[in-house]
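Asks: Shown below is the structure under consideration.
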Amino acid sequence: MYSYLLEELSKAIGARLLISFDYNGEKHVVEPHLLGHNHQHEDCLCAWRLSKGGQQEQEWQCYKLSQMQHTKLLDDRFSRKRPGYDPYNSTMSRIYYRI
């Protein structure tokens, strides 16, 4: 169902590209770190959020792919993993792609 989105998000993680998307009616810009399937059987993106609704809000956030809309890979890149990044995220039952 989300194969194109999964492919695009995997590409963004591999190339360390920022992405933007609408989520719950607000625009988000994030550094994607991990893509997986959580224990509630939902595909999710774990990312470092840079902004939400045009305001800077830097923190970790997991987003359900089913609620992401208008996803775009941006030309800007990020260079490092953020503090607190866990490549073996225990909220995921399966990890598809990660930094």
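Asks: Over the stretch 43-82, what per residue volume does the convex hull of the Cα atoms give, in whole Å³? Let's see the in-between values first.
Replies: Numbers: hull volume 3.8 nm³, N = 40.
Output value, Cα hull per residue: 95 Å³.
Asks: Which ordering of Ser51, Ser90, Ser66 is given by a fewest-first count of other beta-carbon atoms within 10 Å? Each step should come with its number before you reach the end.
Replies: Working: Ser51 15, Ser90 7, Ser66 12.
With the sparsest Cβ surroundings first, the list reads Ser90, Ser66, Ser51.
Asks: May I ask you to evaluate 6.51 cos²θ - 1.76 cosθ + 1.60, the Karplus curve with θ = phi - 60°, for each residue of the stretch 93-99 and list the ³J(HN,Hα) values in order in whole Hz, giving x for glycine and proline?
Replies: Whole-Hz 3J(HN,Hα) from phi for the stretch 93-99: 8, 8, 10, 8, 7, 8, 5.
Asks: Would you calculate a helix-derived [θ] at 222 nm for the chain, using -39,500 (n - 2.57) for each DSSP H run of n ≥ 4 and dividing by the full residue count, to the nearest 500? All intermediate terms of the calculation are to be shown ahead of the outcome.
Replies: Values: 1 runs with 13 residues, N = 99.
After summing the helix terms and dividing by residue count, I get -4000 deg cm²/dmol.
Asks: Among (i) 38, 17, 10; (ii) 18, 15, 14; (iii) 22, 15, 11, find the value of semi-axes √(5λ) of the Cα gyration tensor in Å that was calculated from the structure presented, and write down its label.
Replies: (ii)
Asks: Specify which residue in the list Asn24, Cys46, Pro83 is farthest towards the positive end of the charge dipole of the chain, using unit charges on the beta carbon of Lys, Arg (+1) and Asp, Glu (-1), about the Cα centre.
Replies: Farthest towards the positive end: Pro83.
Asks: Which order, highest average first, do 9-15, 53-59, 26-32, 76-82 follow once you tally other Cβ atoms within 10 Å for each residue and take the mean per peptide?
Replies: Details: 9-15: 17.7, 53-59: 10.1, 26-32: 20.0, 76-82: 12.1.
The most tightly packed comes first, giving 26-32, 9-15, 76-82, 53-59.
Asks: Same structure again: Restricting to lysine pairs 8 or more places apart or on different chains, what number in the chain have Cα atoms under 17 Å apart? Write down the numbers at each step before the final one.
Replies: Values: Lys11/Lys72; Lys11/Lys81; Lys27/Lys52; Lys27/Lys64; Lys27/Lys72; Lys52/Lys64; Lys52/Lys72; Lys64/Lys72.
Within the chain, the lysine pair count is 8.
Asks: Which far-off residues, 5 or more places away or on another chain, put their amide H under 5 Å from the one on Tyr96, with H placed in the peptide plane?
Replies: The list, which skips near neighbours in sequence, is Leu35, Gly36, His37.
Asks: Right, something else. How large is the dipole of the chain about the Cα centre if only Lys and Arg carry +1 and Asp and Glu carry -1, each at its Cβ, rounded to the nearest 20 debye? List each step's numbers first, then the result.
Replies: Numbers: 13 positive and 12 negative charges, 57 e Å.
The dipole of the chain has a size of about 280 debye.
The numbers here are math on the coordinates, done by the rules we state, and not lab data. Values in this document were obtained by computation on a predicted structure and should not be read as measured data. Cβ atoms come from the backbone with ideal geometry, glycine included; neighbour counts cover every protein chain shown.
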